[in-house]
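> Have a look at this one before I ask anything.
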Amino acid sequence: MSRRAIGWAAGAAAAALVAAGAVTYAVADSGDGRAAPGTPSADSADAGFARDMAVHHQQAVEMSYIVRDRTKDEDVRRLAYDIAQTQANQRGMLLGWLDLWGLPKVSADPPMTWMGMGDIVSAKDGSLMPGMATNTQLKKLQTLSGKQAEVFYLQLMTNHHKGGIHMAEGCVAKCTVGVEKRLAQGMVDAQQSELQVMAGMLKERGAKPLS
């Protein structure tokens, strides 16, 4: 996979951050310490997406730093770094909005409840939401190196992105805060481009996505 292709995907991710970051603090402060009109409620799609995607993103960051220590391949390391940096920054925005809205970062409701999937999604071996790797898979990634680590990371991250895109599309449809909807759409666009990059990298290594 060419550096240009990887750079293009990273650029798309960076654009999502720029689009959202400039107005992060304009979301929920009326200027007198009170919540601004229209501030989301704790059970809103806006709050649910922020909470759930923050958790989803944290695992992507974790996996990306694991593979950076398990391979010397420059393209994979660059992709992993870009994903880690982008999703760590986005996670900070999501948690920051919850702070600004005066809402808790955790909920007693099951993940994905805001999407109407709380009674469908069941946690299994640490995989709390669609696309998330299990604890067993994370431990396996930590034992691999070289090409094996690259392939497994790309396979896990492919599934992770697909689950993330599904969630982000849910926010685009259900969230009410404009800046959050734009960030979610930016996630969809950037992760779709990264899926194309990762498909090519898997093909180069004679591998396919996990079923």
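> Given the structure, is Asp46 of a type in the set (Asp, Glu), touching a residue at least 60 places away in the same chain (Cβ under 8 Å) and either open to solvent by 10 Å² or more (accessible area, probe 1.4 Å) or more than 26 Å from Trp114 (Cα to Cα) (or both)?
So Asp46 fails the test.
> Need pairs with beta-carbon distance below 9 Å; first residue under 23 Å from Ile66 (Cα atoms) and within region 80-103, second at pLDDT 95 or above and part of a loop (DSSP other than H, G, I, E, B); sequence gap 6+ or separate chains.
Filtered contacts from region 80-103: Ala80/Thr71.
> Conditions: (1) among the hydroxyl-bearing types (Ser, Thr, Tyr); (2) in contact with a helix residue (DSSP H, G or I) (Cβ under 7 Å, 6 or more places away or on another chain); (3) assigned to a helix (DSSP H, G or I); (4) open to solvent by 70 Å² or more (accessible area, probe 1.4 Å). Thr176 meets all but one. Number of the miss?
(3)
> Here is a further query. Restricted to region 127-145, and to residues that are more than 13 Å from the chain's Cα centre (by Cα) and under 17 Å from Lys208 (Cα atoms), which residue is most open to solvent (accessible area, probe 1.4 Å)?
Filtering region 127-145 for residues that are more than 13 Å from the chain's Cα centre (by Cα) and under 17 Å from Lys208 (Cα atoms), the one most open to solvent (accessible area, probe 1.4 Å) comes out as Gln137.
> Separate question: What do you reckon, is Pro104 at pLDDT 95 or above, closer than 27 Å to Gly178 by Cβ and buried (at least 22 other Cβ atoms within 10 Å of the Cβ)?
Answer is no for this residue.
The values are calculated or read from the model by the stated rules, or taken from the named source; none is laboratory data. Everything numeric here is computed off the predicted structure, so don't read it as measured data. Don't worry about glycine lacking a Cβ; one is built from the backbone with ideal geometry, like all the others, and counts go over all protein chains shown. For accessibility, only protein heavy atoms count, side chains too; no ligands or nucleic acids. Shrake-Rupley method; radii C 1.70, N 1.55, O 1.52, S 1.80 Å.
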